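I have placed the structure first, in the form of structure tokens, so that the comments after it can refer back to it.
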Amino acid sequence: MFRVALVGRPNAGKSALFNRLIGAREAIVSEVAGATRDIKIGRAVIDGAEIEVMDTGGLDDRGEIFAIARKKAIEAAQNADLTLFLADGQLSPDDEDRRLFYELQKQNPAIALVLNKIDNDKLESQRYEYMSYGVKELYTISCSHGRGLDELKKLLIKAAKASDKANAAETSETAGSQSEAIRVAIIGRPNAGKSALLNAIVGFDRAVVSSVAGTTIDPVDETILLNDREIVFVDTAGIRKRGRIEGVERFAFDRTEKALTRADIALIVLDASEDFTELDERIAGLADKYKTAAIIVLNKYDIAREEYKTLEKQTRDRFIFLSHAPIISLSAISKKRVNKLGDLIESVYENYSRRVPTARLNEIIEEAIGKHKIPSDRGKAVKIYYAAQYETKPPKIALICNRPRSIHFSYLRYLANKLRENIDFSGSPIVIEAKSKQKKA
């Protein structure tokens, strides 16, 4: 609920305004300064906006009781969404009032100056004296006669609704980032160890596990909770079919493609104990086709046929189209290094969801063009006016230019590599498209 703190010197009319806002005489109103010593909280509903109003003691330090009341009043102002600093408008502003206002403004910039006891038009001229506070606008009211309260309520309504909108957006963003599950497809040829890997993953860190049945074609998904984030593993394990190799490949491709249409990340499981096959390459190629993020998993590393450096080079040479994918070696059976996989998945997903600030994006592109100019088109200059990212998962970037068809794919690949040199896109593909100036990204 939007919180408003009423603060000011003793006898400025805070309690009277409190009663006006909540529509009840709950606060003690007295001509004797210091009648309010503690924080009184009331609820106001103004044009549908719910507001928590805090009536505070006067900002005075004469004696122990006043000092405590002052401390609580300042604390209330610090924690409020908006502070209304009340001053007695029938009195000229003094240095103490001004000092108190500036002190509170420094601690919480959301503060408005309110002159109370402006009971008639003649007293309205007092506002000009208080303009010396340096505020852009101030409010003149009379709690006794109800003058100016409508304008003050408009301020509260506007501020409360703006706060609610901002909080809703923040809550939505936070909830989305926390509750949005990462969907991971475990893909690979038969006997690569996909099922064993899934079983090993489900068991690490005493994860919270639930099973959600898929369609009759798709296997059961497994969900774990890791670092307060749900990770849904779309398993394509158990691909078995007798017959010719074409049949096995066809069945594998069907299951894998279905999984990848629902996935953010592909875990490409390779059997490190055997030579890589064409089927490995073709299945891995589907991750590139569907533009999912990718992690290459060298499973059965405890019985690997080669040393890691040799195996890594062979993997890079064979799966060159996945040069952006990190490689992790592990053993699903012994569970060795399986615990490293969770953090890697989160890291890759962050890169896959990354949005680059426009200024930074253009800075990198301009620097890249400066080092390697765009080849001309039959003597005509090709110009990139600016770059803009228009989508995430995967990051998609539009290059707005005069001759989009004249930018060769090799130059787009060059720009993508320059982006990777400056920004962490490990595991994520980058889609760069040249577009004409007339077309919006």
(request) Grab the beta carbon distance between Lys393 and Arg337, set R0 = 25 Å, and tell me the FRET efficiency rounded to 0.05. (result) 0.40
(message) For the range 61-163, take every pair of Cα atoms, bin their distances at 5 Å starting from 0, and report each bin as a whole percent.
(response) 2, 12, 21, 22, 21, 15, 6, 1
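Assuming 0.36 nm per residue, please report the length gained on full extension of the stretch Asp95 to Ile423 beyond their Cα-Cα distance.
112.8 nm
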(message) Going by amide H atoms built from the backbone, whose H comes under 5 Å of the H on Ala185, apart from near neighbours?
(response) Val234, Asp264, Ile265, Ala266, Leu267
(request) Provide the per-residue ³J(HN,Hα) series for the range 319-329, in order, calculated from phi with Karplus coefficients 6.51, -1.76, 1.60 and θ = phi - 60°, each as a whole number of Hz, with x at glycine and proline positions. (result) 10, 4, 5, 10, 5, 7, 7, x, 10, 10, 9
(request) Name the residues whose placed amide hydrogens come within less than 5 Å of the amide hydrogen of Gly8, ignoring near sequence neighbours (fewer than 5 apart) on the same chain. (result) Leu59, Leu86
(request) Express in nm, to one decimal, how much length is gained between Ala162 and Ile39 on full extension, taking 0.36 nm for each residue of separation and deducting their alpha carbon distance. (result) 41.7 nm
(request) Would you kindly derive the ³J(HN,Hα) couplings of the range 39-51 from the backbone phi angles with the Karplus curve 6.51 cos²θ - 1.76 cosθ + 1.60 (θ = phi - 60°), listing them in order in whole Hz, with x for Gly and Pro? (result) 8, 10, 10, x, 10, 10, 10, 10, 6, x, 8, 8, 10
(message) Given a Förster distance of 22 Å, report the FRET efficiency between Lys380 and Tyr414 from their Cβ-Cβ distance, rounded to the nearest 0.05.
(response) 0.65
(message) Test of understanding: what is the full-extension gain from Glu75 to Phe321, defined as 0.36 nm times their sequence separation minus their Cα-Cα distance?
(response) 82.7 nm
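With all distinct Cα pairs included, what does the Kirkwood hydrodynamic radius of the range 358-436 come out to in Å, to one decimal, could you say?
12.7 Å
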(request) Tell me the label-point distance for the pair Lys373, Asn227, using the 7 Å Cα-to-Cβ offset, in nm and rounded to one decimal. (result) 4.5 nm
(request) Under a cut-off of 24 Å between alpha-carbon atoms, report the lysines in cross-link reach of Lys258, not counting same-chain residues fewer than 8 places apart. (result) Lys194, Lys241, Lys289, Lys291, Lys393, Lys396
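A short reminder: the numbers here are calculations on the coordinates, not readings from a lab. Computed from a predicted model, the values in this text were never measured in an experiment. Cβ sites come from the backbone with ideal geometry, for glycine too, and all protein chains shown count toward neighbours.
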